[in-house]
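The values are calculated or read from the model by the stated rules, or taken from the named source; none is laboratory data. Keep in mind it's a predicted model, so treat the numbers as computed, not measured. Cβ: placed from backbone, ideal geometry, glycine included. Neighbour counts: every protein chain shown. The area values use the complete protein model at the heavy-atom level, side chains included, leaving out ligands, DNA and RNA. Shrake-Rupley method; radii C 1.70, N 1.55, O 1.52, S 1.80 Å.
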Amino acid sequence: MKHFCHILIAFIASVIAMDADAAGKDVLLPYGDMNRWTVRKITESSIIGGNTKTLYEVGPNRTLTGNEPYVNGGGSPWATSNVMAKVMGVVKTNTSVYRDRHGSGYCAKLTTHIESVRVAGLFNIKVLAAGSMYLGEMREPISGTKDGLKAMNFGIRFTKRPKAVKFDYKVQVASSPNRIKQTGFSRKQTVAGKDCAIAVLLLQKRTEDFKGNITAKRVGTMVVKYDKSTGKWIDNATYNIMYGDIRHNPHYDASTMKLRSSDYARNSKGKSVIVKETGWASANETPTHMILQFASSHGGAFIGSPGNTLWIDNVRLVY
């Protein structure tokens with residue numbers, strides 16, 4: 001009997017150890033090591049200079065030449081703010097996410113800058129563009145400044161409940177105490193408050209009705225802003241995911257964590273619709289989708305400070 005008890009105790013201990021290992025397991029997201037990149041060569045229209053621009057996408061190692069719409073390849077779940085636009089027959093690109101060196105491999109470099117379009121004697125348009133990478137897809141070509149968000153398929157299918165998200169990062173924050181808003185169709189405006197880089201992870205339980213409208217309950221939330229330069233890489237930064245209704249959690253920030261109704265996704269009919277969050281799910285709910293986004297500016301479209309830069313590498317989920 002004593003021998004049996006020793007065997008039973010050893011068995012229970014091994015099970016507990018296995019559970020502990022599983023609970024602390026880091027799972028790299030597909031292409032999350034940022035070491036594989038698709039390089040695109042796009043030639044802009046001659047009326048705006050006819051230059052060939054290089055766009056980078058997180059995906060299989062390959063080079064694509066030609067003005068073809070990009071589609072995620074090789075099973076990569078990542079999209080970026082690097083896009084090809086075609087407005088009234090004029091092809092223009094934006095590059096605000098770059099492949100950069102980190103150690104012996106690569107990382108993603110996201111930067112906020114002013115993108116300009118100039119035709120002598122006709123117009124000189126300047127637009128503020130932030131660097132952004134996210135789980136999802138972008139439908140190209142973009143046909144106008146108001147169509148960028150609608151072209152996004154924001155988030156991916158996801159039914160797990162990770163405890164945290166972990167990644168390596170570096171930040172360079174612009175010195176300006178305020179941000180600017182520059183849409184290209186109005187004067188440059190000053191927006192109060194310092195620009196921040198930001199990381200957002202949201203878990204949602206989405207539902208689609210017979211009309212194709214998508215609503216969601218918020219299952220899990222993690223948002224972190226970076227308002228100071230790090231000067232060096234911060235490795236293995238780990239941020240817990242808060243589940244359920246977090247409005248009374250001391251870490252809740254209404255300005256960045258409140259329910260959203262501004263994200264677009266494609267419904268079962270292939271139409272782009274807004275995902276309207278209607279409430280908070282119970283803390284033990286299972287999600288259907290995950291949103292994960294990194295951006296060099298936090299204020300929304302056309303708002304930020306040129307020079308703000310965020311480097312990201314080794315994106316993992318912790319279970």
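Numbers for the structure displayed
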quantity: Cα gyration tensor shape of region 123-172, rounded if a/c is under 1.5, else prolate or oblate by comparing a/b with b/c; calculated: oblate
quantity: Among (1) 0.95; (2) 1.23; (3) 1.03, the entry derived from the coordinates for Rg/Rh (Cα atoms, Kirkwood Rh); calculated: (3)
quantity: FRET efficiency for ASN249 and THR278, using Cβ-Cβ distance with R0 set to 25 Å, rounded to 0.05; calculated: 0.80
quantity: Shape category assigned to region 88-155 from the gyration tensor of Cα positions, a/c cut at 1.5; calculated: oblate
quantity: Taking region 41-91 and dividing mean pair separation by its residue count, relative contact order in percent (alpha carbons under 8 Å, at least six apart); calculated: 38 percent
quantity: Gyration tensor (alpha-carbon) shape descriptor, region 231-298, a/c threshold 1.5; calculated: oblate
quantity: Nearest-0.05 FRET efficiency for MET88 and SER176, computed from C-beta distance (R0 41 Å); calculated: 0.75
quantity: Mean-position separation - Cα centroids, region 253-319 and region 83-161, in angstrom; calculated: 16 Å
quantity: Candidates GLY279, GLY148, GLY89: whichever shows maximal mean-square fluctuation once the chain is modelled as a Gaussian network with Cα springs under 10 Å; calculated: GLY89
quantity: Viscosity 0.890 mPa s, temperature 25 °C, Stokes-Einstein D of region 34-120 from Kirkwood C-alpha radius, µm²/s; calculated: 178 µm²/s
quantity: Angle between the chain longest axis and helix 2-23 axis [Cα atoms, degrees, rounded to 10]; calculated: 10 degrees
quantity: Solvent-accessible surface ranking, highest first, for LYS166, LYS41, LYS269, LYS126 at 1.4 angstrom; calculated: LYS269, LYS126, LYS41, LYS166
quantity: Most mobile of PHE158, PHE210, PHE294 in a GNM of the chain (Cα contacts under 10 Å); calculated: PHE210
quantity: Within a Gaussian network of the chain (alpha carbon springs, distance under 10 Å), most fluctuating of SER104, SER143, SER76; calculated: SER104
quantity: Value at 222 nm in deg cm²/dmol, rounded to 500, when DSSP H runs of n ≥ 4 in the chain each add -39,500 (n - 2.57); calculated: -2500 deg cm²/dmol
quantity: Solvent-accessible area, 1.4 Å probe, carbon plus sulfur percent, for region 19-91; calculated: 53 percent
quantity: Compactness of region 174-306 as Cα Rg over 2.2 N^0.38 Å, two decimals; calculated: 1.20
quantity: Region 253-319: relative contact order as a whole-number percent, Cα under 8 Å and 6+ apart; calculated: 17 percent
quantity: Residues of type lysines that LYS228 reaches as a straight line, Cα spacing below 16 Å, ignoring anything fewer than 8 places off in the same chain; calculated: LYS170, LYS194
quantity: Contact order relative to length of the chain, as percent, for alpha carbon pairs under 8 angstrom and 6 or more apart; calculated: 23 percent
quantity: Carbon + sulfur, % of accessible area of region 195-319 - ligands and nucleic acids excluded, 1.4 Å; calculated: 50 percent
quantity: Probe 1.4 Å, accessible area per residue of the chain, Å²; calculated: 51 Å²
